[in-house]
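To start, the structure itself, in structure tokens.
The values are calculated or read from the model by the stated rules, or taken from the named source; none is laboratory data. Worth saying up front: this structure is predicted, and the values here are computed from it rather than measured. Neighbour counts run over all protein chains shown; Cβ positions are idealised from the backbone, glycine included. SASA here: full protein model, heavy atoms, side chains in, ligands and nucleic acids out. Shrake-Rupley method; radii C 1.70, N 1.55, O 1.52, S 1.80 Å.
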Amino acid sequence: MEDCMVTKIGGIIPPVITCFDKNGKVDESAQRELIRYLSKHVQGFYPCGTYGSGPLMTSEERKRVSEIVIKEKGNALAIIHVGAPSTAEAVDLARHAEAAGADAVGAIPPYYYAYSQAQLIEHYRALIKAVKIPVFVYNNPELSRNPVLPESLRILAEDGLGGVKDSSFDLVNFYNYVLAVKQPGFTFIVGTEAIAAAALDAGASGVIAGLANVFPEFLQDFYSTWKQGDPRLTAQKQLDVMRARNALKFGPTLTMTYAGLRMRGFNPGYPRAPYTDITKEVYDKALKEFKAMGLIE
């Protein structure tokens, strides 16, 4: 649709899931179909991250999924997640993404070990130097154990960082990021639909919304409402988004996303082990709630 034509990174961006077959291999056919469908309703994609099972895949699998997303994305943009435990692997993935035609790359801080802010800054400087496309910090303290502090973000912005995806789920942290970085052209993206309205009001250009994997039209309606500038109506839409999000969390969020797409008649494949499908009881509970909201007939 014409609304998906963008000149900057923003709007509704699903952290798109990776489709696997029953044997745990990437299901390229299902992946292509999913991207083609979502591309009609969203402004961008963020593959191979948390929802995309990036840490569960090899570098070669991540590269292949990135290539599929880039080829099938239509007018949407692609921010390829290249975060990895080592700087060398992240740089390799970033260079591949740029060569494949990505619009930008994003990276969670190197995880498992704890690092100093100075070490994190050098890690991102290596990524910035490795590619010409924008590099985004993906701040996710819960999963990385390595939060990127506002002052570090300011330093990186001055060194050429393109933006930040903040998945701290902390609006105060997001506000402090906005206060810290004054670099022209820097892009702020909030990494959850849970606080989307407030983050957009504070300067976010887009929302990386897990719920948009399942209900992209619903999230696009929320975003369109916010752009109209009616705070009361936007607040009500935000509450509706939260209700749907809560239902998506009746089980593990990642596996619920596959189930939600299946409820809508799509073939999302299967989550990769050690994840397993949700139970029928949880499936039926979520389906009932989505139907009550009018999201599924």
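Numbers at a glance
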{"read-out": "Gain on full stretching of the segment that runs from Asp201 to Glu28 - 0.36 nm per residue minus C-alpha separation", "value": "58.5 nm"}
{"read-out": "Hz values of 3J(HN,Hα) by residue in region 220-234 - Karplus curve (6.51, -1.76, 1.60), Gly and Pro given as x", "value": "5, 5, 4, 5, 5, 5, 4, 5, 6, x, 9, x, 5, 5, 4"}
{"read-out": "Amide proton proximity set for Phe20, modelled H, under 5 Å, gap of 5+", "value": "Asp27, Tyr270"}
{"read-out": "Accessible area (Å², 1.4 Å probe, nearest 10) - Glu281", "value": "150"}
{"read-out": "Carbon and sulfur %, accessible surface of the chain computed with the full protein complex present, 1.4 Å", "value": "53"}
{"read-out": "Highest-MSF residue in the chain out of Leu248, Leu233, Leu120 [GNM, Cα springs under 10 Å]", "value": "Leu233"}
{"read-out": "Reachable aspartates and glutamates from Lys22, criterion Cα separation under 15 angstrom, eight or more residues apart if same chain", "value": "Asp277"}
{"read-out": "Whole-Hz couplings from phi, Karplus 6.51/-1.76/1.60, listed for region 109-115; x for Gly and Pro", "value": "x, x, 10, 5, 7, 9, 10"}
{"read-out": "Accessible solvent surface per residue of region 248-288, calculated while the other protein chains remain in place, 1.4 angstrom probe, Å²", "value": "53"}
{"read-out": "Per-residue ³J(HN,Hα) for region 268-279, Karplus 6.51 cos²θ - 1.76 cosθ + 1.60, θ = phi - 60°, Hz, x for Gly and Pro", "value": "x, x, 9, x, 8, 4, x, 5, 9, 4, 6, 6"}
{"read-out": "Whole-Å distance, taken between Cα centres, linking region 255-297 and region 149-167", "value": "36"}
{"read-out": "Förster-model FRET efficiency, 35 Å R0, Ile133 and Tyr275, C-beta, rounded to 0.05", "value": "0.65"}
{"read-out": "Where trypsin sites (Lys or Arg not before Pro) in DSSP loops with at most 10 other Cβ within 10 Å are excluded, longest remaining stretch of the chain", "value": "183-297"}
{"read-out": "Long-range amide H partners of Tyr138 with built H, under 5 Å", "value": "Ala107, Ile108, Lys165"}
{"read-out": "Relative contact order of the chain, defined on C-alpha pairs under 8 angstrom at six or more residues apart (%)", "value": "18"}
{"read-out": "Gaussian network model of the chain, springs between alpha carbon atoms under 10 Å - residue of Val26, Val282, Val148 with greatest fluctuation", "value": "Val282"}
